[in-house]
1. Sort Ser8, Ser94 so that the residue with the fewest other Cβ atoms within 10 Å of its own Cβ comes first and the one with the most comes last.
2. Apply the Karplus parameterisation 6.51 cos²θ - 1.76 cosθ + 1.60, with θ equal to phi minus 60°, to every residue of region 24-40 and state each ³J(HN,Hα) to the nearest whole Hz, in sequence, with x for glycine and proline.
3. How high is the relative contact order of region 91-137, in percent, counting Cα pairs under 8 Å that sit 6 or more residues apart?
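What follows is calculated from the coordinates using simple rules that are stated; it is not laboratory data. Note that the structure is a prediction, hence the values are computed from the model and not measured. We place every Cβ from the backbone using ideal geometry, glycine too, and count neighbours over all the protein chains shown.
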Amino acid sequence: MSDQEPTSEAQGRRLGEALGEQVGGLLGRRLGEALAAGVEAAKPGNDTTAGSTAGGEDDATADGSQGDETGGQDESGDESGEGTGAVEESGRPSSRAELDELSYRELQQLAKEVDVTANLKREEMEDRLAATLDLDE
């Protein structure tokens with residue numbers, strides 16, 4: 001039996017090496033694809049949401065922070081009788097211009113409320129919302 005042990009050990013080692021190469025290669029390719037998708041999604045002006053959660057969150061975060069700044073400006077505009085009063089009163093924009101003023105997160109929330117796909121590029125989501133809400137161009 002002592003002759004078989006080194007042979008079994010050698011076979012186990014070879015099997016482990018082959019399995020490790022296969023698993024390592026698969027994981028390496030998947031990681032490379034994920035990194036490439038993340039880099040592509042992080043490029044300025046790219047609103048890709050093809051399964052990349054990091055890219056979607058970055059876009060939403062950037063748009064959300066802009067929306068917060070705009071939200072403060074809208075409140076001061078409401079005091080002077082201007083701004084998006086119709087949006088705040090009814091919760092939905094009454095024109096395409098008011099739709100354009102919403103942050104990406106606000107657009108996503110509105111899309112969910114009216115059963116429009118919410119993980120689209122901003123322009124496409126605005127177009128679908130405008131059609132669904134019958135907003136003037």
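1. The order, fewest Cβ neighbours first, is Ser8, Ser94.
2. My calculation for region 24-40 gives x, x, 4, 5, x, 5, 4, 5, x, 5, 5, 5, 5, 5, x, 5, 5 Hz in order.
3. Details: 37 pairs, mean separation 19.5, N = 47.
Averaging sequence separation for qualifying contacts and normalising by length gives 42 percent for region 91-137.
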